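Notes follow the structure.
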Amino acid sequence: GQSRENVLGKDCHVAFGGPFCGGHCSFRQGPPDFLDHLYYPLNILTKEGQPRRLEMSVSGMNDDRGGFVGIIASFRDVTDLMALKIQVGDLTGFAGIIGRDPKMLQIYRQIRDMATNDYPVHISGDTGTGKELVAAAIHNESRRGGMPFVPINCGALPEGGLESELFGHVKGAFTGAVRDKKGRFELANHGTLLLDEVADLPKLVQAKLLRVLQEGTFEPVGSEKTVSVDVRIISATNRDLKRAVKRRDFRDDLYYRINVVPIHLPPLKKRKNDIPLLVEHFLSKSVEEGRDSQGLSKEALAIMTGYPWPGNVRELQSAIRFALVKARGRIIQPDNLPMELQEWKDSRSSRGPSRKLDPESVKTALTRSGGNKAKAARFLGVGRATLYRFLEDFPDL
């Protein structure tokens with residue numbers, strides 16, 4: 001949709017309204033040392049303001065003496081193809097996220113839907129489900145994709161430190177403030193700010209954040225100068241934010257501001273069909289990191305598919321890395337897996353068929369035991385771990 005006059009002789013970020021590469025183009029400082037054929041997936045905005053997903057292939061051009069004279073770049077619009085693959089389920093991953101479970105395909109659709117607007121998004125899910133990965137995908141698929149993506153863990157800093165980290169400070173604002181410092185909001189200007197563990201925000205910082213969402217302005221710590229920013233907000237937490245609002249730990253007006261578009265990531269135990277895909281992905285990554293190619297035995301895969309993965313995808317990745325270190329051959333065996341998986345396998349083997357629990361019987365046992373889960377498990381004839389796993393799926397009991 002661009003004329004020759006609009007693009008000839010111009011940098012790509014001028015012609016297409018934003019840098020394809022986030023400002024880290026291989027050619028800005030000269031040709032790469034090695035250039036045979038490079039591939040870039042990228043997002044652009046048309047002149048009508050519509051986001052499109054492209055595949056760009058880049059090849060070098062040399063003269064008769066082998067000297068570098070330029071490059072040829074070809075573009076393929078795959079927007080509709082990607083949408084069709086998501087619709088029919090013919091997709092094993094999207095924007096760096098691995099999975100083809102229907103729950104994940106729905107999340108891919110939500111990410112695509114988010115590309116056309118700047119509304120705040122709130123991502124919920126257990127620890128290790130990939131909330132930051134989804135946030136980065138939303139950013140990269142949007143018109144802000146070439147701009148900064150700045151994450152901050154709201155639970156990792158004390159109140160005073162968090163306020164300074166988010167909004168910046170001026171020299172002399174407090175002991176140790178020896179120079180002016182920009183906060184994450186300024187660093188994310190024109191891009192996206194991810195507020196991870198947003199439920200841990202102190203009340204004072206919640207009030208200041210609400211003003212930024214409403215007006216796009218704030219004052220750095222110790223300053224009277226108002227700073228204006230254009231930032232998209234994505235928040236994430238592994239806690240129940242609605243419950244925090246009811247307990248008055250989290251402002252209800254802020255909750256409704258950040259929860260415009262909610263996305264919930266399922267735990268890995270709810271999409272076990274994706275485990276073989278994830279295992280294959282992590283094994284392939286290990287080869288890219290320089291390790292020898294290794295596979296997984298059927299027995300080891302069966303254990304990994306059955307295990308409940310309380311740490312989700314992050315725990316699975318750690319388990320693969322552990323097994324790669326322990327394995328002596330080309331195939332990972334059950335005894336190469338972490339101890340937690342081996343103990344789980346042994347407990348399943350020795351226990352025999354387990355009693356199937358239902359919400360009503362569990363509720364009765366908890367009432368009879370006065371809320372003591374160990375006693376309730378004995379009444380039900382199951383192990384405590386079994387009861388705890390069941391209660392994770394039914395938190396309201």
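The values are calculated or read from the model by the stated rules, or taken from the named source; none is laboratory data. In this text the structure is predicted, and so the values were computed from the model without any measurement. Here the Cβ positions follow ideal geometry from the backbone for every residue, glycine too, while neighbour counts run over all protein chains shown.
Among residues belonging to region 82-126 that are part of a loop (DSSP other than H, G, I, E, B) and polar (S, T, N, Q), point out the one that is modelled with the lowest pLDDT.
Filtering first and then ranking leaves Thr92.
Taking the condition of a type in the set (Val, Ile, Thr) and either more than 19 Å from the chain's Cα centre (by Cα) or crowded, with 21+ Cβ neighbours inside 10 Å (or both), does Thr127 pass?
The answer is no for Thr127.
For region 203-237, enumerate the residues that are assigned to a loop (DSSP other than H, G, I, E, B), in contact with a Phe, Trp or Tyr (Cβ under 8 Å, 6 or more places away or on another chain) and farther than 19 Å from Val261 by Cα.
Of everything in region 203-237, those that are assigned to a loop (DSSP other than H, G, I, E, B), in contact with a Phe, Trp or Tyr (Cβ under 8 Å, 6 or more places away or on another chain) and farther than 19 Å from Val261 by Cα turn out to be Glu219, Pro220, Gly222, Thr226, Val229.
Go through region 241-300 and give me each residue that's part of a helix (DSSP H, G or I), in contact (Cβ under 8 Å) with a residue 24 or more places away in the chain and either charged (D, E, K, R) or within 21 Å of Asp196 (Cα to Cα) (or both).
Those that are part of a helix (DSSP H, G or I), in contact (Cβ under 8 Å) with a residue 24 or more places away in the chain and either charged (D, E, K, R) or within 21 Å of Asp196 (Cα to Cα) (or both): Leu241, Ala244, Asp253, Leu254, Arg257, Ile258, Leu268, Lys269, Lys270, Lys272, Asp274, Glu299.
Looking at (1) touching a Leu at 6+ places or on another chain (Cβ under 8 Å); (2) in a loop (DSSP other than H, G, I, E, B); (3) small (Gly, Ala, Ser), find the lone condition where Gly155 falls short.
(1)
Looking at region 324-346, can you tell me whether even one residue there is small (Gly, Ala, Ser) and part of a helix (DSSP H, G or I)?
no
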